[in-house]
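Below: one structure, written as structure tokens.
The values are calculated or read from the model by the stated rules, or taken from the named source; none is laboratory data. Keep in mind the model is a prediction, meaning the values are calculated, not measured. Reconstructed Cβ throughout: ideal geometry from the backbone, glycine too, with neighbour counts over all protein chains shown. What goes into the accessible areas is simple: the full protein's heavy atoms, side chains included, and nothing from ligands, DNA or RNA. Shrake-Rupley method; radii C 1.70, N 1.55, O 1.52, S 1.80 Å.
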Amino acid sequence: MTATYTAQMSNRSGGWRLYVVLLGDLVSEWPEHDFAPGLTVPTPAERSRALTALGFVFTDGAQWEWEEYSATTGDDTSPVRLLASIRVRSRDGGAS
């Protein structure tokens with residue numbers, strides 16, 4: 001059975017960061033890619049290339065899912081943050 005992971009992308013400090021959540025590993029050890037600063041959301045092709053460079057590919061039929069949340073928990077007047085998620089697997093099919 002091929003292990004699957006969650007890749008997430010969020011906007012912080014004016015730039016988009018893509019990372020793969022590896023449960024059991026320290027957050028500082030998760031594979032990540034920073035896109036060039038700017039407000040433009042990276043295209044699906046840019047995200048795919050970044051994930052491939054990190055050693056991952058989308059699982060069959062996977063689609064990006066977007067969620068918004070408050071920058072300050074419980075404060076609906078605080079800025080909204082966006083978080084995108086998608087299921088991925090190791091590019092070689094094994095565990096990463």
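Selection over region 1-25 of residues that are modelled with pLDDT of 95 or more and among the small types (Gly, Ala, Ser) gives a count of 1. Does any residue in region 36-54 that is part of a loop (DSSP other than H, G, I, E, B) come within less than 6 Å, Cβ to Cβ, of a residue that is open to solvent by less than 50 Å² (accessible area, probe 1.4 Å) and modelled with pLDDT of 85 or more six or more places away or on a different chain, and which pairs are these? If the second residue must be open to solvent by less than 50 Å² (accessible area, probe 1.4 Å) and modelled with pLDDT of 85 or more, the pairs left are Pro37/Gly15; Pro42/Trp16; Pro42/Phe35.
Could you please let me know if Ser28 is modelled with pLDDT under 95 and open to solvent by 70 Å² or more (accessible area, probe 1.4 Å)? Spelling it out, Ser28 is indeed modelled with pLDDT under 95 and open to solvent by 70 Å² or more (accessible area, probe 1.4 Å).
Within this structure, Gly14 fails the test of being surrounded by 12 or more Cβ atoms within 10 Å (Cβ to Cβ), over 12 Å from the mean Cα position of the chain (by Cα), on the phi > 0 side of the Ramachandran plot and not aliphatic (A, V, I, L, M). Residues in region 70-96 that are within 18 Å of Ser13 (Cβ to Cβ) and either exposed (fewer than 12 other Cβ atoms within 10 Å of the Cβ) or touching a residue at least 60 places away in the same chain (Cβ under 8 Å) (or both): Ala71, Thr72, Pro79, Val80, Arg81, Leu82, Leu83, Ala84.
On the stretch given as region 33-84, residues that are of a type in the set (D, E, K, R) and within 13 Å of the chain's Cα centre (by Cα) total 6. In region 4-11, the count of residues that are open to solvent by 40 Å² or more (accessible area, probe 1.4 Å) and free of Cβ contacts under 8 Å to residues at least 40 places away in the same chain is zero. If only residues of region 33-58 that are more than 11 Å from Ala7 (Cα to Cα) and β-branched (Val, Ile, Thr) are counted, the one that is most open to solvent (accessible area, probe 1.4 Å) is Thr40.
Taken over region 3-57, the criterion of being more than 17 Å from Leu83 (Cα to Cα) and among the aromatic types (Phe, Trp, Tyr) is satisfied by Phe56 alone.
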